[in-house]
Amino acid sequence: LTHLVSFVWRIQDEICWAILSSRELRHGLLKVASKVDSSQAGNDDKTGDSFYTVRLVGALGVTDALLDANHVRHKAVSLSSAGAEVFGGVDVTKASARVSECVEDTVGMTEPVPEVLAMDATSAIRNVIGGITENMSYLNRAADIRVRFTGAYWRCPHREGRWEEGEFLGEDIGTKSVPEERHWALRSQFNLVQPACLKRLPRPAAGAPGGA
């Protein structure tokens with residue numbers, strides 16, 4: 001409890017920042033980048049957890065906005081780590097679809113916004129990209145439906161599923177315990193800042209333009 005209260009006290013003033021480029025928005029130079037990590041049987045009832053983020057990124061490297069981040073506790077027990085990753089794949093896919101549709105409608109894009117999904121589980125990525133194979137015959141009906149859903153969504157021309165090194169996947173902190181140094185390093189990916197740590201601009205002198 002002491003550690004938890006100390007952590008909450010330390011981050012209580014944090015805010016989430018975002019940068020939106022009018023040029024990238026005007027020309028539709030955007031993509032929706034999603035990441036997800038899952039754990040198997042991490043809870044007392046043997047269910048797992050997933051943590052995902054959905055981010056709007058500009059093609060010119062200016063726009064950077066974290067639009068969705070969520071921790072999800074699985075409602076059913078998964079028989080494998082790959083199955084747990086697919087649980088997370090379903091949740092992040094639905095979130096990516098919501099954000100993409102909102103971006104397309106708001107910006108007025110005539111073409112679908114590109115979407116990218118990154119995961120650190122090679123088997124789950126193989127399921128998303130390759131679809132159902134004979135090696136997945138052990139899946140029950142519900143898991144089979146989840147794999148087919150994620151696979152059908154991400155195999156479209158303007159969507160991409162790819163593997164990302166788990167060491168650098170910030171979503172790890174939402175599903176497992178990590179060393180303190182790595183925890184703070186990964187948290188830096190979530191566009192969080194404490195206003196008190198920002199440099200203050202000097203006030204104009206009295207009588208100067210903009211001064212009192």
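The values are calculated or read from the model by the stated rules, or taken from the named source; none is laboratory data. Computed from a predicted structure; not experimentally measured. Quick reminder, even Gly has a Cβ in these numbers, built from the backbone with ideal geometry, and neighbours come from all protein chains shown. Side chains are part of the model used for accessible areas, which takes the heavy atoms of the whole protein and leaves out ligands, DNA and RNA. Shrake-Rupley method; radii C 1.70, N 1.55, O 1.52, S 1.80 Å.
Numbers at a glance
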item: Residue in region 83-96 that is in contact with a Ser or Thr (Cβ under 9 Å, 6 or more places away or on another chain) and open to solvent by 40 Å² or more (accessible area, probe 1.4 Å) present; result: no
item: From VAL116, VAL128, VAL147, VAL92, residue being part of a helix (DSSP H, G or I) and modelled with pLDDT of 90 or more; result: VAL92
item: Hits in region 176-198 - residues which are assigned to a helix (DSSP H, G or I) and either of a type in the set (Gly, Ala, Ser) or under 23 Å from LEU20 (Cα atoms) (or both); result: ALA185, LEU186, ARG187, SER188, GLN189, PHE190, PRO195, ALA196, CYS197
item: Flag for TRP154 being at pLDDT 85 or above and open to solvent by 60 Å² or more (accessible area, probe 1.4 Å); result: no
item: Subset tally (residues that are touching a residue at least 24 places away in the same chain (Cβ under 8 Å) and in a loop (DSSP other than H, G, I, E, B)) for region 14-68; result: 19
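Yes/no matrix, rows are residues, columns are (1) closer than 18 Å to VAL147 by Cβ; (2) touching a Lys or Arg at 6+ places or on another chain (Cβ under 9 Å); (3) not hydrophobic (A, V, I, L, M, F, W, C):
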| position | (1), (2), (3) |
| --- | --- |
| VAL92 | yes, yes, no |
| ARG98 | no, no, yes |
| VAL103 | no, no, no |
| VAL113 | no, yes, no |
| VAL128 | yes, yes, no |
